[in-house]
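In what follows, a structure is listed as structure tokens, so that the remarks can point back to it.
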Amino acid sequence: ADIKGSELPNERLVYSAHVQEPGANDNATGVGTQLEMAKTTAKLFGENKIAFKRTMTFLWGDEIVSTNRYIQENPERAKGIKWGISLDMVGENTAVTGGTFLIEKMPDPSAIWTRGNDKHSAWGGDVLKLENMKPHYLNDFITSTFKEQGEFANWVVETNPFEGGSDHTPFLQADIPGLLLWHFTDQFYHTDNDRIDKVSKETMKNVGTAALVSGLTLVNSNTAFALEQISLLEQKAIDRLQTEFQLSVNAINTGNTIENEKAILEAWEDWYLKAISTTNDVVSKSNGNINDAIKESQSRVSLKSQELIKKLNTSSKN
Ligand SMILES: [Zn+2]
């Protein structure tokens, strides 16, 4: 299902939910939440309540096969896919199923060096390499929107480093920004006890609301959005560098090499510098305000990184 964009119809956001699994949580919750999102979107569109500058697409199909087909069968259309958001097991009553709601991030250095508050889910993931990184603003944008809903509704929102295995992977393989909304683990997952009594309608509402608010923002994103994301990313970069610095000081004290720890800080710096520059993708022409903000933000992030790396050198000499 599509709602065609009024200004940039060839640019689109694609939501996806897989239909082939028979469980209530996996994945009737993804299918149903996305259906409710589509109905709400159609209503907003019909009543002229909100602009749709770009196209919004809802896909239901066979897991991975369907998103992969959508990308492969029409290369011209694929060029216009700007974001992919996948819904898989999004309605858990975690008091019964265990686990938490998770946003699986696009590959960032937490998928190489998983430490501190970053944890893989019980699904697990391969250790990625630097060349697998996908720096982009989508991770922090989606996470901050969901955290707002979490605060509002007293709902726990966590993230996990990239693992793969659902509808988001074909997007990433095609170099399209994509991430996964899901829960893990669930003690009833892939058993005949994955029934409606394990589902929370509050959770479905929370996921659907935050996913739709995120999507409506993305399809209408403009210069103001880019500037907002630049300052969000700068703040997240500095927080991240400080956290990793502290972890690295501890790691050096317990025998890790300074070279290894420097490489971690540099990887995060590099990831964020590149992520900041991706904010340019919401405007069709080069925009001086955005370009200036990107440069200024990047130089502050680099400065912070250099300062912390210098501190790491001196702390290790003591
Ligand atoms: Zn599934």
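The values are calculated or read from the model by the stated rules, or taken from the named source; none is laboratory data. Computed from a prediction, not measured in an experiment: that's the story for all the values here. We place every Cβ from the backbone using ideal geometry, glycine too, and count neighbours over all the protein chains shown. For accessibility, only protein heavy atoms count, side chains too; no ligands or nucleic acids. Shrake-Rupley method; radii C 1.70, N 1.55, O 1.52, S 1.80 Å.
Is the C-alpha gyration tensor of segment 89-138 telling us rounded, prolate or oblate? Criteria: a/c under 1.5 is rounded; beyond that, a/b larger than b/c is prolate, otherwise oblate. The shape class here is prolate.
Let me know the shape class of segment 43-98, please: from the alpha-carbon gyration tensor, a ≥ b ≥ c as square roots of the eigenvalues, rounded when a/c is under 1.5, otherwise prolate if a/b is greater than b/c, or oblate. Before the final figure, lay out the partial values.
On the way: a/c = 2.98, a/b = 1.22, b/c = 2.44.
Judged from the Cα gyration tensor, segment 43-98 comes out oblate (a/c at least 1.5, b/c at or above a/b).
Given the options 253, 160, 68, state which has the largest fluctuation in a GNM of the chain using a 10 Å cut-off (strictly under) for Cα springs. Its mean-square fluctuation being the largest, the pick is 253. When shorter helices are ignored and each DSSP H run of at least 4 residues is given -39500 (n - 2.57), the per-residue value for the chain at 222 nm works out to -16500 deg cm²/dmol. Scalar couplings 3J(HN,Hα) for segment 48-56, obtained by applying the Karplus form with A = 6.51, B = -1.76, C = 1.60 to θ = phi - 60°, are 6, 7, 8, 7, 10, 5, 10, 7, 10 Hz; x denotes Gly and Pro. Residue 301 contributes an accessible area of around 0 Å² to the protein surface, as traced by a 1.4 Å probe with all chains present. Between the listed residues 85, 226, 122, the Cα displaced farthest toward the positive end of the dipole of the chain, a dipole computed from Cβ unit charges relative to the Cα centre, is found at 226. Taking Cα atoms only, the orientation of helix 138-153 departs from the longest principal axis of the chain by about 70 degrees.
For segment 258-273, 3J(HN,Hα) computed residue by residue from phi via the Karplus equation (6.51, -1.76, 1.60; θ = phi - 60°) reads 5, 4, 4, 5, 4, 4, 5, 4, 5, 5, 5, 4, 4, 4, 6, 4 Hz, glycine and proline entered as x. Dipole size of segment 223-317 about its Cα centre, with +1 on Lys/Arg Cβ and -1 on Asp/Glu Cβ: approximately 180 debye, rounded to the nearest 20. Applying the Karplus relation 6.51 cos²θ - 1.76 cosθ + 1.60 with θ = phi - 60° to segment 8-17 yields 3J(HN,Hα) values of 10, x, 7, 9, 8, 10, 10, 8, 9, 9 Hz, where x marks Gly and Pro. What is the helix-to-structure angle for 288-317, meaning the angle in degrees between its Cα long axis and the longest Cα principal axis of the chain, kept from 0 to 90 and rounded to the nearest 10? Taking the Cα atoms of the chain, the angle to 288-317 is about 50 degrees.
Where does the charge balance sit around residue 4 when Lys and Arg score +1, Asp and Glu -1, over other residues with C-beta under 12 Å from its C-beta?
Working: positive: 12, 53, 54; negative: 2, 7, 11.
Summing Lys/Arg as +1 and Asp/Glu as -1 gives 0.
Taking amide hydrogens as placed 1.01 Å from N in the peptide plane, the amide H of residue 200 sits under 5 Å from those of 92, 93, each at least 5 positions away in sequence or on another chain.
With the cut-off at under 18 Å, measuring from each backbone N in segment 216-249 to a point 7 Å along the Cα-to-Cβ line of residue 151 picks out 228-240.
Please list, by residue number, every one of the trypsin sites (Lys or Arg not before Pro) in segment 1-89 that is coil in DSSP and has at most 12 other beta-carbon atoms within 10 Å.
Numbers: sites: 4, 12, 39, 43, 49, 53, 54, 69, 77, 79, 82; in loops: 4, 49, 53.
Loop-located and lightly packed - 49.
Rounded to the nearest 10 square angstrom, residue 184 shows an accessible area of 20 square angstrom against a 1.4 Å probe. The equivalent ellipsoid that matches the C-alpha gyration tensor of the chain spans semi-axes of 33, 25, 17 angstrom, in descending order.
Considering only DSSP states other than H, G, I, E and B, which GluC sites (Glu not before Pro) in segment 127-205 qualify as loop sites with at most 16 other Cβ atoms within 10 Å? Hits after loop and neighbour filter: nothing returned. Among 142, 252, 264, whose mean-square fluctuation peaks in a Gaussian network model of the chain (Cα, cutoff 10 Å)? Answer for the Gaussian network model of the chain: 252. Each 10 Å bin from zero up to the one holding the largest Cα-Cα distance in segment 1-122 carries the following percent of pairs: 12, 34, 34, 18, 2. Counting only Cβ charges, +1 for Lys and Arg and -1 for Asp and Glu, the dipole size of the chain around its Cα centre is about 800 debye.
Highest mobility in the GNM of the chain, judged by mean-square fluctuation with C-alpha springs under 10 Å and restricted to 80, 178, 46, is found for 46. Averaging the sequence gap over all C-alpha pairs within less than 8 Å and six or more residues apart, then dividing by the number of residues, gives segment 2-219 a relative contact order of 32 percent. Computed over protein heavy atoms with a 1.4 Å probe, the accessible surface of the chain works out to 46 Å² per residue. Against the criterion of solvent-accessible heavy-atom surface with a 1.4 angstrom probe, 126, 197, 281 sort, most first, into 126, 197, 281. Taking Cβ atoms as reference points and 13 Å as the exclusive limit, the residues near residue 256 contribute a net charge of -1, counting Lys and Arg as +1 and Asp and Glu as -1. Working from Cα pairs under 8 Å separated by at least six residues, relative contact order for segment 223-317 is 47 percent. A cut-off of 5 Å between modelled amide H atoms, ignoring neighbours fewer than 5 places along the same chain, links residue 101 with 158.
Carbon-plus-sulfur fraction of the accessible area of segment 223-317, 1.4 Å probe, in percent? The partial results should precede the final answer.
Details: 2350 of 4790 Å².
The value for segment 223-317 is 49 percent carbon and sulfur by accessible area.
Anisotropy class assigned to segment 223-317 is prolate, per the alpha carbon gyration tensor with a/c at or over the 1.5 cut-off and a/b larger than b/c.
What is the distance in Å between the Cα centres of segment 250-273 and segment 163-220? Using only Cα atoms, the two centres lie 32 Å from each other.
Find, among the trypsin sites (Lys or Arg not before Pro) in segment 210-296, those assigned to loop by DSSP (not H, G, I, E, B) with at most 13 other beta-carbon atoms within 10 angstrom. Hits after loop and neighbour filter: 285. Backbone amide hydrogens, once placed in the peptide plane, bring residue 193 within less than 5 Å of nothing, excluding anything fewer than 5 places away on its chain.
If you take all other residues with their beta carbon under 11 Å from the beta carbon of residue 80, and give Lys and Arg +1 and Asp and Glu -1, the sum is +3. Taking the charge dipole of the chain about its Cα centre, with +1 at Lys and Arg Cβ atoms and -1 at Asp and Glu Cβ atoms, the residue from 297, 177, 190 reaching farthest to the positive side is 297.
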